[in-house]
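Undergrad: I have a structure here, written as structure tokens, and I will follow up with some questions on it.
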Amino acid sequence: MKTGNEQRDTLAAPAGRRDWLAGGWALFWENPIGKIGLILMACFALMAAASFVPPLLDPMYHPMHGVDPEISHATGPSAAHWLGTDFIGRDILSQLLAGARIAFMVGLSAAFMSIFFGTLIGMISGYAGRFVDTLLMRIADMVMVMPTLLVVLILSSLFGQLRIWTIVLLIALFRWPGVSRVIRAQTLTLKHRPFIEAARVTGASHLRIIFRHIFPNVLPLALLYMTFRVTSAIIIEAALAFLGFGDPGTVSWGMMLQWVWKTGHMFQAPYWLLPPGICISLLTLSFYMLGRAMEEVLDPRLRKEGESE
Amino acid sequence: MDLLEPHPQGAVLRTSIMKTDSPIAVELVEATKIFRTKKTFFGRSGEQVTALDRVSFSIRQGEIFGLVGESGSGKTTAGRLIVKLDEPDSGKVLVDGVNLSEIRGHKMKRFRRRIQMIFQDPYQSLNPYLSVYQTVCEPVVIHRLAAPQKRLETVVSALSQVGLTPPEDYLFRYPHQLSGGQRQRVAIARSTVLNPEIIVADEPTSMLDASISIQIFNILVRLKQNLNATFLFITHSLAAALYLCDRIAVIRKGKIVEMGPAKAIIRKPEHPYTRELIRSQPRFRKKTEQRGSFRPWENGATSS
């Protein structure tokens, strides 16, 4: 039997969940997929941050309106334009940097919104059960079977050019059902756990149980799904822009590809075609790798055997 | 002296003279709880399990009442009915003479404050994402028991009452940083911070080591005296029931088979099932006597 003092000595671990987080971080960093994904993502974040620099150096580096007065056609890489210029003499590098900023904006905000709706609806559906559950899940099924890209295409051809935030909102509105299904399943397993019943016995309201007890327990899963949603949001936005339904006021990678294609430079200007294509692939890949590594940290069944020793 | 009384279900019922003067705090009247599995797709009705079969007992104020039985006997279900985690299919659960199933909404919330439960498994009954302070403080916040400035004080005193000293060391720990015994103390602090009148303790030590169990029992006894609370102590161990309880009821397959003062029942069991339960208790002294001649450690010592 231990006395109070002995117990304190053996359990002198510092307060907080910091050590838990540190353990998760160590596991994440150990994973080569997570490491590469994070480094890649950091590179793109740097690009997005650097996008503010070129327009300050010279107005001709403005990704949208800046035109090199001496160039009136697509040119290859040079000292003044490291990646060359497009068909009216705009700098491709500064467009690429601006594209990174837009990709992060679109990806993160659309993912955040779809996770917000998905988590909320999933928790309510799983916790309430019965009639509410059936209703919400049937709606989720209906939304889930709609092809996002096609529906957004139809909407944009009906209402003309869509603003970038409208596109983000539409992506979020069509991508929540998958999240809500997963969160609902998790909520169902949590609902009958004794700590939820203990909260009920102390008199906690339904709202308090959902947000105080269930929410923190599903949050890691929601964040995991957020990384996968970022990937799909970036791809959908790029596809829309490439097909000519993007926001004409923004310079996104999809827009760049559309300009290449529209002006007939597909096979004439690889310096113009390749950078946005590669960037789209690598950024989505980095978020995907990040998600996979996070999944491994969060799911103990995927952890390596050596971990328990 | 025990008086033998006929029981409606033929169970052996013994009433004792002690504590008959204090009023009844909790009463189960013919409470039945049936668990059904869902109907199958082809309309075949699911299976039924009768967890409680017209069970009646009453607990007097300030008493520790033990409910003893094997696993699956329905003892936990009885506890869950009293804290209204489940509703009886028929029969009544009366607390201070009020039928629990008739109370709803705000009245129920006020009732919750008076009846608390200690759960079996401290590894499951604490939210892993809440610190000790958050866990113990939650009931205080829900029932607005203390002004925000005084919450910390309330939590600290609840923690020191369950033997987590010094309480400041534990406030900002999370369940995974605590041992089983410490977790159960936190769970006890959570249910006693409201100063409840009735506490249902559902096998609070079945997941803990024997030495820790004794500590938890002593905490419960001390709390009972401090709070002057009524206890329903649910256990599978007759020894624990004898140690803690004033009266016990032995329950089997959803039916009470014997009820009366703890000492009387264990000394003179009337029902064959109770006798069987007592026989199945491991007895330390007898076993060593039986082993008597067989002492491998001594053989080992002589041969070396």
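Any read-out appearing in this document is the output of simple, stated calculations on the displayed coordinates, not a laboratory observation. As the structure is a prediction and not an experimental result, all values here were calculated from the model. Cβ atoms come from the backbone with ideal geometry, glycine included; neighbour counts cover every protein chain shown.
Undergrad: Projected onto the charge dipole of chain A (+1 at Lys/Arg Cβ, -1 at Asp/Glu Cβ, origin at the Cα centre), which of A:Ser72, A:His213, A:Ser94 gives the Cα projection farthest towards the positive end?
TA: A:His213
Undergrad: Residue farthest toward the positive end of the dipole of the protein assembly as shown, with Cβ of Lys/Arg at +1 and Asp/Glu at -1: which of A:Ile33, B:Gly74, A:Leu285?
TA: Positive-most Cα among the choices belongs to B:Gly74.
Undergrad: Return a whole-number percent for the relative contact order of the range B:3-281, with Cα pairs under 8 Å and 6 or more residues apart as the contact set.
TA: 26
Undergrad: Which whole number gives the average, over all residues in B:120-132, of C-beta atoms from other chains lying within 10 Å of the residue C-beta?
TA: 5
Undergrad: Starting from the range A:75-179, pick out the trypsin sites (Lys or Arg not before Pro) whose DSSP state is loop and whose Cβ has at most 14 other Cβ atoms within 10 Å.
TA: Passing sites in the range A:75-179 are A:Arg163.
Undergrad: Taking amide H positions as placed 1.01 Å from N in the peptide plane, with prolines and chain starts having none, which residues 5 or more places from B:Leu67, or on another chain, fall under 5 Å of its amide H?
TA: Correct list: B:Phe233, B:Ile234, B:Thr235, B:Ala249.
Undergrad: So, one more: With both partners inside the range B:3-281, how many of the DSSP beta bridges are antiparallel, as a percent to the nearest 5?
TA: Around 55 percent of the beta bridges assigned by DSSP in the range B:3-281 are antiparallel ones.
Undergrad: Show me, bin by bin at 20 Å from 0, the whole-percent P(r) of chain A based on Cα pairs.
TA: In order of increasing distance, the bins hold 27, 47, 22, 4, 0 percent.
Undergrad: Report the antiparallel proportion of the DSSP beta bridges in the protein assembly as shown as a percent, rounded to a multiple of 5.
TA: 55
Undergrad: For the protein assembly as shown, build the convex hull from the C-alpha positions and give me its volume per residue in Å³.
TA: Output value, Cα hull per residue: 259 Å³.
Undergrad: Using unit Cβ charges (K, R positive; D, E negative) and no other charged atoms, how large, in debye to the nearest 20, is the dipole of the range B:3-281 about its Cα centre?
TA: Roughly 440 debye, rounded to the nearest 20.
Undergrad: How shielded is B:104-114 by partner chains, expressed as the average number of their Cβ atoms within 10 Å of its Cβ atoms?
TA: 1
Undergrad: Here is a further query. Starting from the amide H of B:Arg54, placed 1.01 Å from N in the peptide plane, find each other amide H under 5 Å away whose residue is 5 or more places distant or on another chain.
TA: The answer is B:Thr32, B:Lys33.
Undergrad: Then there is this: Amide H neighbours of B:Met117 under 5 Å, counting only residues 5+ apart in sequence or on other chains, H built in-plane at 1.01 Å?
TA: Counting only residues 5 or more places away or on other chains, the set is B:Val200.
Undergrad: Only Lys, Arg, Asp and Glu count, each charged at its Cβ (+1, +1, -1, -1), so figure out the dipole size of the protein assembly as shown about its Cα centre, rounded to 20 debye.
TA: 2300
Undergrad: May I pose another question? Using only the Cα atoms of the range B:237-282, build the gyration tensor, take square roots of its eigenvalues as a ≥ b ≥ c, and label the shape rounded, prolate or oblate: rounded if a/c is under 1.5, else prolate if a/b is larger than b/c, else oblate.
TA: The shape class here is rounded.
Undergrad: ³J(HN,Hα) across the range A:193-202 via Karplus (A = 6.51, B = -1.76, C = 1.60, θ = phi - 60°), whole Hz, x for Gly/Pro?
TA: Values per residue, Gly and Pro as x: 5, x, 5, 6, 5, 4, 5, 4, 5, 6 Hz.
Undergrad: Can you pick out the pairs among B:Lys109/B:Lys255; B:Lys109/B:Lys253; A:Lys191/B:Lys107 whose Cα atoms lie more than 29 Å from each other?
TA: Flagged as over cut-off: B:Lys109/B:Lys255; B:Lys109/B:Lys253.
Undergrad: Further, regarding this structure: For chain A, with a Gaussian network of springs between Cα atoms less than 10 Å apart, report the residue from A:Gly84, A:Gly99, A:Gly118 with the top mean-square fluctuation.
TA: Result for chain A, Cα springs under 10 Å: A:Gly84 fluctuates most.
Undergrad: Which distance in Å, rounded to a whole number, links the C-alpha centroids of the range B:55-85 and the range A:68-140?
TA: The range B:55-85 and the range A:68-140 have Cα centres separated by 58 Å.
Undergrad: Please turn the phi angles of the range A:151-166 into ³J(HN,Hα) values with the Karplus equation 6.51 cos²θ - 1.76 cosθ + 1.60 (θ = phi - 60°), one per residue in order, whole Hz, x for glycine and proline.
TA: For the range A:151-166, the Karplus curve yields 5, 5, 4, 4, 4, 6, 6, 6, 9, x, 5, 8, 6, 4, 6, 5 Hz.
Undergrad: If you take the square roots of the eigenvalues of the alpha-carbon gyration tensor of the range B:3-281 and sort them as a ≥ b ≥ c, do you get rounded (a/c under 1.5), prolate (a/b over b/c) or oblate?
TA: prolate
Undergrad: Where the centroid of each part is defined by its Cα atoms, how far is the range A:179-214 from the range B:106-170 in Å?
TA: About 18 Å separates the Cα centre of the range A:179-214 from the one of the range B:106-170.
Undergrad: Further question on the same structure: Once the dipole of the protein assembly as shown is set up with Lys and Arg at +1 and Asp and Glu at -1 on Cβ about the Cα centre, which of B:Leu277, A:Thr166, B:Val221 lies farthest towards its positive end?
TA: B:Leu277
Undergrad: Please compute, for peptide A:202-210, the average count of beta-carbon atoms on other protein chains lying within 10 Å of each residue's beta-carbon.
TA: Per residue, the number of nearby Cβ atoms from other chains is 5 on average.
Undergrad: Report, in cubic angstrom per residue, the convex hull volume of the C-alpha atoms of the range B:75-166.
TA: 140
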